[in-house]
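Report on one structure; see the data block that follows.
Every number here is computed from the coordinates shown, using simple stated rules; none is lab data. Computed from a predicted structure; not experimentally measured. Reconstructed Cβ throughout: ideal geometry from the backbone, glycine too, with neighbour counts over all protein chains shown.
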Amino acid sequence: MPANAAPAAARQDPRSVLITGGTGSFGKAFARFLLENTDVERLIILSRDELKQFEMQTSPEFVAHAPRMRYFLGDVRDPDRLKHAFNSVDLVVHAAALKQVVAAEYNPIEAIKTNVFGAQNVLEAALHCRVPKVIALSTDKAAGPVNLYGATKLCSDKLFVAANNFVGGDATRFSVVRYGNVFGSRGSIVPVFLNNHAKWDAFPVTDAQMTRFSLTLREGVEFVWKCHRQMRGGEIFVPRLPSYRVVDICAAIDPAKEIRYVGIRPGEKVHEIMITAADIAATYDWAGGFAILPPDGILNKYVQRDIASAGYMKNTSLDTEYCSGTNTDWLGPQQLRQLIQAYAADPS
């Protein structure tokens, strides 16, 4: 077997998939991808919002796949519900979280209950039900966190990586996928600026130097699917992405409109950082991007053995933090305009 080949069991695509937070933007997009591109037989949407579940159940794109769909009301704060839901599931994608930075600052205990204790409940339920693979979605804000949301997701990342300590040779494996703001996601600058700029006298931009990595929802979904196939357990996966300047978003939408700088909001970063300088020594390359591997001694011998066979190569392209402000790959206004036009044509 080649050094970078996975065992047969690892290459087999799952027949049963559960998405926590499955009625959110990512959850619906990932569900759509699975239904259209894989042979998944049972797709379980777990969320706590009955209205969003009803809307998803009655949406034509999901009605067409009704025999393959299951909808479970539940909260990641409820460990017993998770243990029932995870029965006979091959892959859990943990997307549920409280994600609003300001809301988390104002309601810290609620963010901790969902993002930290909820993560613990997910991994314990997965171990209990012997789910083969679990992927937890993270955020750039977990890298060198400056707000509570980022701190809770850093805790979550640590929990999922360390959970591989408790597994045997063929038991549950846990990995993390980290990326930044999704281009055009609900509440992000693209839909806000696009929908409101006509009635504004100027674009409200927090900082003239602000940059972000560019990742569309479709790219995020496809990256998670690649990571599911690549994972051995313990990796924090990070995609390679281009950057853009927020002021160029304004130019792409309406180059004639002025920009008014309003100052950085509490907990906001000027640049996105997805790999810190401290993580560089543990960062490896693979065909899909980067993988931050746990330090020696964290994982048991079974997981260490499988990671050694995964074909990861020591990173040579990064010598400092992976930051949207110091990236070497950039999108200009014209490229951003094309992305915005594609989003406007299909905002789902």
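Remark on Glu321: its backbone amide H falls under 5 Å from those of Ala277, a criterion applied only to residues 5 or more positions apart or on other chains, H modelled at 1.01 Å from N. Expressed as a whole percent, how much of the Cα-Cα distance distribution for the chain exceeds 28 Å? The proportion of pairs with Cα distances above 28 Å equals 43 percent.
Here the sum of -39500 (n - 2.57) over DSSP H runs of 4 or more residues, divided by the residues of the chain, equals -10000 deg cm²/dmol at 222 nm, to the nearest 500. In region 119-278, the DSSP beta bridges split such that about 20 percent are antiparallel, to the nearest 5.
Could you give the longest part of the chain that holds none of the GluC sites (Glu not before Pro) found in DSSP loops with at most 16 neighbouring Cβ atoms within 10 Å? Can you show the working numbers first?
Working: sites that count: Glu41, Glu268.
Excluding the exposed sites themselves, the longest stretch runs over 42-267.
Phi angles of region 283-290 translate, via the Karplus equation with coefficients 6.51, -1.76, 1.60 and θ = phi - 60°, into HN-Hα couplings of 9, 10, 9, 8, 4, x, x, 10 Hz per residue; Gly and Pro are given as x. Sequentially through region 330-342, phi angles give Karplus couplings (6.51, -1.76, 1.60; θ = phi - 60°) of 10, 9, x, x, 5, 5, 5, 4, 5, 5, 5, 5, 5 Hz, Gly and Pro residues having no value and appearing as x. Checking the table Lys133/Lys269; Lys28/Lys226; Lys113/Lys226; Lys83/Lys133; Lys28/Lys99; Lys52/Lys158 against a 24 Å threshold on Cα-Cα, which pairs fail? From the list (Lys133/Lys269; Lys28/Lys226; Lys113/Lys226; Lys83/Lys133; Lys28/Lys99; Lys52/Lys158), the Cα-Cα distance tops 24 Å for Lys133/Lys269; Lys113/Lys226; Lys52/Lys158. For Tyr284, nonlocal amide neighbours, meaning residues 5 or more places apart or on other chains whose placed amide H falls under 5 Å from its own, are Ala291, Ile292, Leu293, Asn315. How far is helix 217-230 tilted, in degrees, relative to the longest principal axis of the Cα atoms in the chain, given as a value from 0 to 90 rounded to the nearest 10? Long axis of 217-230 versus the principal axis of the chain: about 30 degrees.
Computed extension gain for Asp296 through Glu61, at 0.36 nm per residue and net of the alpha carbon distance, reaches 80.0 nm. Could you give the distance between the Cα centres of region 201-216 and region 10-83, to the whole Å? Distance between centres, Cα-based: 33 Å.
By other beta-carbon atoms within 10 Å, ranking Asp201, Asp13 with the fewest at the front produces Asp201, Asp13. For Thr139, the residues whose amide H sits under 5 Å from its own are Tyr179, ignoring neighbours fewer than 5 places away on the same chain, with H placed 1.01 Å from N. According to the square roots a ≥ b ≥ c of the eigenvalues of the Cα gyration tensor, what is the shape class of region 1-150, taking rounded for a/c under 1.5, prolate for a/b larger than b/c otherwise, and oblate for the remainder? Oblate shape, in that a/c is at least 1.5 and b/c is the bigger or equal ratio. Computed from phi, the 3J(HN,Hα) profile of region 117-133 under the Karplus parametrisation 6.51, -1.76, 1.60 (θ = phi - 60°) reads 5, x, 4, 4, 5, 5, 5, 5, 5, 5, 5, 4, 8, 6, 5, x, 9 Hz, with x in place of Gly and Pro. Within the straight-line cut-off of under 12 Å between alpha carbons, the aspartates and glutamates reachable from Lys141 are Asp157, Glu268, Glu272, sequence neighbours fewer than 8 places apart in one chain being disregarded.
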